[in-house]
Amino acid sequence: MTDSIIRLLQKMEDSILVGLLLAMIGLAVAQIGLRNFFGSGIVWGDSLVRVLVLWTGLLGAMAASRADNHIRIDVIFRYLPPGARQTATLVIHAFTAMICLVMAWHSARFVHMEMADGMTAFAGVPAWVCELIIPVAFLVMGIRYLLFFIRRLAFPGQENPDNPSGSRNSS
């Protein structure tokens, strides 16, 4: 039951990400075409593209955090013995969760201040609506990394309980 809910949420997340990416590309191409062929573009088009870049980037980060696939520098990590890797992974997950949750808190405060200011981003859309993805994305990532940390504590002997397929992106 929970696996099917998780898969549904992941498909929704992916669908929104793809939709935003297509909208961003489509709007950017339309702006270029309108400027080159008609000498003008959509007045608020560039502002919307900037907002779509923000949303696409943060939704992409959320998608990458699903299976702990964020970019990392793991030169030293590769040479650690298995026990030290386990400890390092616990520390990394705890630290990442903490940073993401602190970012969620402070970005929520920022969005609240933007709401109080009543600023608009483009075409009458309030700025806070465009920025709402920031605390939401960091909250989701913080919760995911907190769950990774708890899972590592619960299953210390497994090589990678966070990613059953064993695949991992690293840089």
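The values are calculated or read from the model by the stated rules, or taken from the named source; none is laboratory data. All figures in this text were calculated on a predicted structure; none of them were measured in a lab. In this analysis, Cβ positions are derived from the backbone assuming ideal geometry, glycine residues included, and neighbour counts consider all displayed protein chains.
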Task: segment 18-43, residues that are surrounded by 12 or more Cβ atoms within 10 Å (Cβ to Cβ) and in a loop (DSSP other than H, G, I, E, B) - done: 41, 42
- [ ] State whether one or more residues within segment 49-57 are buried (at least 16 other Cβ atoms within 10 Å of the Cβ), among the polar types (S, T, N, Q) and in contact (Cβ under 8 Å) with a residue 12 or more places away in the chain.
- [x] yes
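Each row is one residue, and each column tells you yes or no for (1) farther than 17 Å from residue 11 by Cα; (2) assigned to a helix (DSSP H, G or I); (3) at pLDDT 85 or above.
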site	(1), (2), (3)
59	no, yes, yes
63	no, yes, yes
77	yes, yes, no
86	yes, yes, yes
89	yes, yes, yes
99	yes, yes, yes
103	yes, yes, yes
Open item on the list: List the residue pairs whose Cβ atoms are under 8 Å apart, where the first residue sits in segment 95-121 and is within 28 Å of residue 68 (Cβ to Cβ) and touching a residue at least 60 places away in the same chain (Cβ under 8 Å), the second is surrounded by 15 or more Cβ atoms within 10 Å (Cβ to Cβ) and among the β-branched types (Val, Ile, Thr), and the two are 6 or more positions apart or on different chains.
Closed with: none
Open item on the list: Where the second residue is exposed (fewer than 15 other Cβ atoms within 10 Å of the Cβ) and at pLDDT 90 or above and the first is more than 11 Å from residue 96 (Cβ to Cβ) and polar (S, T, N, Q) and lies in segment 60-71, which pairs have Cβ atoms under 8 Å and are six or more apart or on separate chains?
Closed with: none
Open item on the list: Can you tell me which condition residue 107 does not meet? The list is (1) closer than 21 Å to residue 151 by Cβ; (2) assigned to a helix (DSSP H, G or I), and all the others hold.
Closed with: (1)
